[in-house]
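Report on the following structure.
The values are calculated or read from the model by the stated rules, or taken from the named source; none is laboratory data. Computed from a predicted model, the values in this text were never measured in an experiment. In this analysis, Cβ positions are derived from the backbone assuming ideal geometry, glycine residues included, and neighbour counts consider all displayed protein chains.
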């Protein structure tokens, strides 16, 4: 499903992207609206999509040995989950749980396409590894 490029440009992730990359994102991305309190990821699953939160909030957490949930960080507007990115790039299992805290809207890109862009685009690599795309909870 094609996405309007105007929806892609605002997230900082694509701020320095050239027109060719923005066209590719628009062609390959989809936008999803998801309700609050929805489980998005489970520890051990594979990440099928890279995403950027356009609105709303996601909580990423682990289960402690006592069975209590321990919040690692929250993913908010304009951000993505660094654990999802590393899961995609390393082809490894997702190491935590994630659930929507509010109704959210996300820009989603299939993992294999995103992985190719990470490999081919210095702007995307720099943004991921140099600027810190998530703000960790303190």
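Within region 5-24, not a single residue is surrounded by fewer than 18 Cβ atoms within 10 Å (Cβ to Cβ), assigned to a strand (DSSP E or B) and either modelled with pLDDT of 90 or more or out of contact with any strand residue (DSSP E or B) (no Cβ under 6 Å at 6 or more places or on another chain) (or both). Among the residues of region 54-72, those that are within 13 Å of the chain's Cα centre (by Cα) and outside any loop (DSSP other than H, G, I, E, B) comprise 54, 55, 58, 59, 60. State yes or no: is residue 50 farther than 13 Å from residue 110 by Cα and either part of a strand (DSSP E or B) or more than 12 Å from the chain's Cα centre (by Cα) (or both)? It is false that residue 50 is farther than 13 Å from residue 110 by Cα and either part of a strand (DSSP E or B) or more than 12 Å from the chain's Cα centre (by Cα) (or both).
Results for (1) surrounded by fewer than 13 Cβ atoms within 10 Å (Cβ to Cβ); (2) modelled with pLDDT under 95, shown as yes or no for each residue.
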residue	(1), (2)
27	yes, yes
56	no, no
59	no, no
79	no, yes
86	no, yes
89	no, yes
99	no, no
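Filtering region 35-47 to residues that are surrounded by fewer than 18 Cβ atoms within 10 Å (Cβ to Cβ) and either in contact with a helix residue (DSSP H, G or I) (Cβ under 8 Å, 6 or more places away or on another chain) or assigned to a strand (DSSP E or B) (or both) leaves 39, 46.
Looking across 40, 54, 72, one residue alone is in contact (Cβ under 8 Å) with a residue 12 or more places away in the chain, touching a strand residue (DSSP E or B) at 6+ places or on another chain (Cβ under 8 Å) and within 20 Å of residue 112 (Cα to Cα). It is 40.
Looking at the structure I just gave you, is residue 83 part of a helix (DSSP H, G or I) and under 21 Å from residue 29 (Cβ atoms)? Judged against the criteria, residue 83 is a match. Does residue 112 meet the test of being without any contact (Cβ under 8 Å) to a residue 60 or more places away in the chain, surrounded by fewer than 18 Cβ atoms within 10 Å (Cβ to Cβ) and not in a strand (DSSP E or B)? Spelling it out, residue 112 is indeed without any contact (Cβ under 8 Å) to a residue 60 or more places away in the chain, surrounded by fewer than 18 Cβ atoms within 10 Å (Cβ to Cβ) and not in a strand (DSSP E or B).
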